[in-house]
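What follows is a short report on a single structure.
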Amino acid sequence: MEAGRSSRSTATRKRKSAALEVERYPAPAPPAAPPDPGAAEHDGCGHGRDLHHIRNLSDLPDDMLRKIISLLPIKERGRTQILARRWRPLWRSLPLNIDCAELGDGKLGDVLQRIISSHQGVCHRFSIRPELSTDMDNDAAVDACLLSSTLDKLKELEFYRRRWHNWQPVPVPALIFRFSPTLCVAKFGHFTLADDALQGIHFPQLKKLVLHYVYLSDFSLNSMIARSPSLEFLLIIRCTGARRPRINSFTLTTIAVDNHSPDPSIEELVIESAPHLQTLIHLDHNHDLHIAALSVPKLETLGCTNSTRLVFGSTYIRHHQGPCIRGLATAACKIKCLVLGMATLNLHMVIELMTNFPCLEKLYIQCQKSWKNNLWRRKYRGLITSTCFDIHLKTIVLDYYRGTKSDIDFVTFFVLNARVLERMKLLVKRNDDKFVAIHRHRLQLMNRASHGAHINFRLKDSDVCISNMYKFCIQENILNL
C-alpha cells in the first residue's frame with residue numbers, strides 16, 4: 001500500500017516537471033500559411049472565402065456561374081432558375097442566344113414568346129435552320145419574334161426560309177434588314193434577294209457573311225460586299241443568279257465558293273482588288289469555275305478542284321487531269337497552304353503544282369479514287385537529286401488513304417523525301433492494329449526522311465462524303481465558321 005502511494009506521487013512530480021519545462025521553453029509556432037491567390041473576392045461565394053472549400057455550385061462567384069450557364073442549351077439555361085433563389089437573375093442577365101433547333105417539338109411560336117417574355121437581357125444570336133422553316137405557322141412565329149425589342153441589338157443571325165414540297169424561292173423578308181446596323185455574322189439561305197431589297201441598306205459591323213441557296217444577281221452580291229466595310233469572311237454555297245461577280249474589298253481575308261447547282265450559277269469570279277485576302281477556295285468538283293485573282297498580294301491558302309481554272313496575274317493554272325501552268329506571278333510564289341480536291345490521287349499533278357509553289361508548307365488532299373499508278377523512283381530520280389527542287393512541306397493530310405499500291409507509292413514519295421515533314425495524317429476507313437502495322441511497314445516509316453515526323457492513321461468521319469470539300473475544309477479548320 002505504501003509502495004502504491006509512492007509510485008503515484010512520483011508520477012505526479014514527473015507531470016508537474018514536464019509542464020514547467022513546456023512553460024519555460026515553449027515549442028516554436030508553425031509558419032503562417034501564405035495567402036491563397038485563388039481566394040474568392042466576389043459576393044457570390046462570400047468575402048474572402050477560399051475556392052478550395054466550395055462544396056456545391058451555388059458557392060461559386062456569379063461570373064463563373066454565368067459562364068457555366070452560357071454553355072448550356074437554351075432550355076437547360078432557363079431551367080437553372082429553379083435550382084435556387086440566387087440562380088434566378090443569372091440567366092436573365094446573360095445575353096440571350098436563341099437556337100430554334102434546341103427548342104424541340106411543339107409550337108415554336110409559343111416557346112419563343114415564353115423565352116423572350118421571361119428574359120430581361122438583350123438577344124445576341126438568333127438561329128432558325130431550313131428544317132424548321134417548313135410551314136406558315138412557324139414562319140409567322142419567327143417573324144413576330146424578330147420584331148421584338150429584345151432583338152434590337154442582334155449580333156448574329158442565321159435565317160433560312162424553305163419549302164420542302166413544290167419549293168419555290170420566296171422573297172427575303174424585309175424585317176431581317178432591321179438588324180443591319182448591329183449584325184456581325186449573317187447566314188442567309190433559301191430565298192430570293194432582289195436588287196431593290198438592298199436599296200439604302202448598309203452593314204457597318206458585318207464581318208462574316210454566308211449565302212446558302214440564295215438567288216441573287218451579280219449586282220446584289222457586289223452591292224452587299226461593297227456595303228459591308230468590315231467584311232472579312234465570305235462563303236457562297238450553291239447560289240444561283242450571279243454569274244460573273246467582281247470583288248473589290250479592302251477587308252476580306254477569306255473567300256470560298258461552291259457553285260454546284262442545276263440552275264445557272266457562278267461561272268467566273270474576278271477578284272480585282274483584295275489586298276488582305278489570305279484564303280481563296282473553290283469547293284466544287286463538278287462545275288467549272290474560272291477565278292481571276294488580279295491583286296491578292298497576301299494570299300497564302302489556295303483551294304482548287306479538278307474543275308478550277310486559275311489566273312494569278314500572268315500565271316494560268318489549269319487543274320484537271322494534269323495542270324497547265326504558264327508564267328509565274330508573285331502571288332503564286334507566296335502560297336503556303338494548298339487544298340486539292342482531286343478526281344484521282346495523281347502524284348504527277350501534285351509535283352507539278354509544288355514546283356510552281358516553292359514556299360508550300362501545308363498540303364491537304366481530298367481524292368475520290370486512286371490513280372492507276374504513282375510510280376516515281378525512276379521518273380523523278382533526277383528531280384529529287386536536283387538542287388533546284390526541295391520539298392518544304394511540314395504538314396500533309398490525305399482524305400482518304402485506301403491502302404492500294406497507287407496510294408502506297410504516293411505516300412512513300414513524301415515519307416522518303418520530305419526532310420522537314422512534321423505531321424502526316426492519313427484518313428482511313430479502318431485503323432485497327434493489324435491494318436496500321438501492315439501499312440506502317442509498307443510505307444517504310446522506319447526509313448522516313450524526317451525522323452521527327454508524326455504519321456498517324458485516323459478514322460474518316462462517316463458524315464464527310466468523299467467529294468465534299470466543304471466539310472473537309474471545316475473538319476481540318478481551313479475554314480472557320
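The values are calculated or read from the model by the stated rules, or taken from the named source; none is laboratory data. Computed from a predicted structure; not experimentally measured. Heads up, the Cβs are rebuilt from the backbone with ideal geometry, glycines too, and the neighbour counts pull from every protein chain shown. The accessibility values were calculated without ligands, DNA or RNA, using every heavy atom of the protein model including side chains. Shrake-Rupley method; radii C 1.70, N 1.55, O 1.52, S 1.80 Å.
In the set (1) free of Cβ contacts under 8 Å to residues at least 60 places away in the same chain; (2) closer than 24 Å to Val339 by Cβ; (3) of a type in the set (A, V, I, L, M, F, W, C), the condition left unmet by Phe413 is number (1).
Select, from Leu235, Leu231, the only residue that is assigned to a loop (DSSP other than H, G, I, E, B) and closer than 22 Å to Ile281 by Cβ. Don't jump to the end; show me each part of the working.
On the way: Leu235 fails: assigned to a loop (DSSP other than H, G, I, E, B).
After ruling out the rest, the residue left standing is Leu231.
Out of the stretch 253-284, which residues are of a type in the set (S, T, N, Q) and either farther than 16 Å from Leu216 by Cβ or in contact with a helix residue (DSSP H, G or I) (Cβ under 8 Å, 6 or more places away or on another chain) (or both)?
Filtering the stretch 253-284 down to residues of a type in the set (S, T, N, Q) leaves 253-254, 259, 261, 265, 273, 278-279.
Of everything in the stretch 253-284, those that are of a type in the set (S, T, N, Q) and either farther than 16 Å from Leu216 by Cβ or in contact with a helix residue (DSSP H, G or I) (Cβ under 8 Å, 6 or more places away or on another chain) (or both) turn out to be Thr253, Thr254, Ser273, Gln278, Thr279.
Within the stretch 312-329, identify whether any single residue is surrounded by 13 or more Cβ atoms within 10 Å (Cβ to Cβ), at pLDDT 85 or above, part of a loop (DSSP other than H, G, I, E, B) and not acidic (Asp, Glu), and answer yes or no. Checked against the condition, which is being surrounded by 13 or more Cβ atoms within 10 Å (Cβ to Cβ), at pLDDT 85 or above, part of a loop (DSSP other than H, G, I, E, B) and not acidic (Asp, Glu), the stretch 312-329 yields no hits at all.
Taking the listed residues Arg178, Arg88, Arg114, the one that is open to solvent by 60 Å² or more (accessible area, probe 1.4 Å), modelled with pLDDT of 85 or more, of a type outside the set (Ser, Thr, Tyr) and in a helix (DSSP H, G or I) is Arg178, with no other qualifying.
Considering the stretch 432-443, and only residues there that are under 23 Å from Tyr364 (Cβ atoms) and either open to solvent by less than 60 Å² (accessible area, probe 1.4 Å) or of a type in the set (Gly, Ala, Ser) (or both), the residue that is nearest to the chain's Cα centre (by Cα) turns out to be Val436. The lone criterion from (1) among the small types (Gly, Ala, Ser); (2) over 20 Å from Tyr470 (Cβ atoms); (3) open to solvent by less than 40 Å² (accessible area, probe 1.4 Å) left unmet by Ala186 is number (2). Would you mind stating whether Arg458 is open to solvent by 70 Å² or more (accessible area, probe 1.4 Å), assigned to a strand (DSSP E or B) and in contact with a strand residue (DSSP E or B) (Cβ under 8 Å, 6 or more places away or on another chain)? So Arg458 fits the description; yes.
For (1) touching a helix residue (DSSP H, G or I) at 6+ places or on another chain (Cβ under 6 Å); (2) over 24 Å from Arg378 (Cα atoms), each residue gets a yes or a no:
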| site | (1), (2) |
| --- | --- |
| Lys405 | no, no |
| Ile408 | yes, no |
| Leu416 | no, no |
| Arg419 | no, no |
| Asn431 | no, yes |
| Ala449 | yes, no |
| Lys460 | no, yes |
| Lys471 | no, yes |
| Asn480 | no, yes |
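Residue under question is Ala256, and the condition is that it be among the aliphatic types (A, V, I, L, M) and surrounded by 17 or more Cβ atoms within 10 Å (Cβ to Cβ); does it hold? Here the answer is yes, as Ala256 does meet what is asked. The set of residues in the stretch 264-278 that are surrounded by 17 or more Cβ atoms within 10 Å (Cβ to Cβ) and either of a type in the set (S, T, N, Q) or in a loop (DSSP other than H, G, I, E, B) (or both) comprises Ser265, Ile266, Ala274, Leu277, Gln278. The strands (runs of 3 or more DSSP E) found wholly in the stretch 331-431 and carrying at least 2 residues that are of a type outside the set (A, V, I, L, M, F, W, C) and open to solvent by 10 Å² or more (accessible area, probe 1.4 Å) occupy 362-370, 423-428.
Would you confirm, using the coordinates I've provided, whether Leu252 is in contact (Cβ under 8 Å) with a residue 24 or more places away in the chain, closer than 21 Å to Val339 by Cβ and under 23 Å from the mean Cα position of the chain (by Cα)? It is true that Leu252 is in contact (Cβ under 8 Å) with a residue 24 or more places away in the chain, closer than 21 Å to Val339 by Cβ and under 23 Å from the mean Cα position of the chain (by Cα). Among the residues that make up the stretch 231-244, is at least one of them under 26 Å from Leu183 (Cα atoms), in contact with a helix residue (DSSP H, G or I) (Cβ under 6 Å, 6 or more places away or on another chain) and modelled with pLDDT under 95? Yes, because at least one residue in the stretch 231-244 is under 26 Å from Leu183 (Cα atoms), in contact with a helix residue (DSSP H, G or I) (Cβ under 6 Å, 6 or more places away or on another chain) and modelled with pLDDT under 95. Among the residues of the stretch 255-270, those identified as free of Cβ contacts under 8 Å to residues at least 40 places away in the same chain and either of a type in the set (Ser, Thr, Tyr) or closer than 19 Å to Leu206 by Cβ (or both) are Ile255, Val257, Ser261, Ser265.
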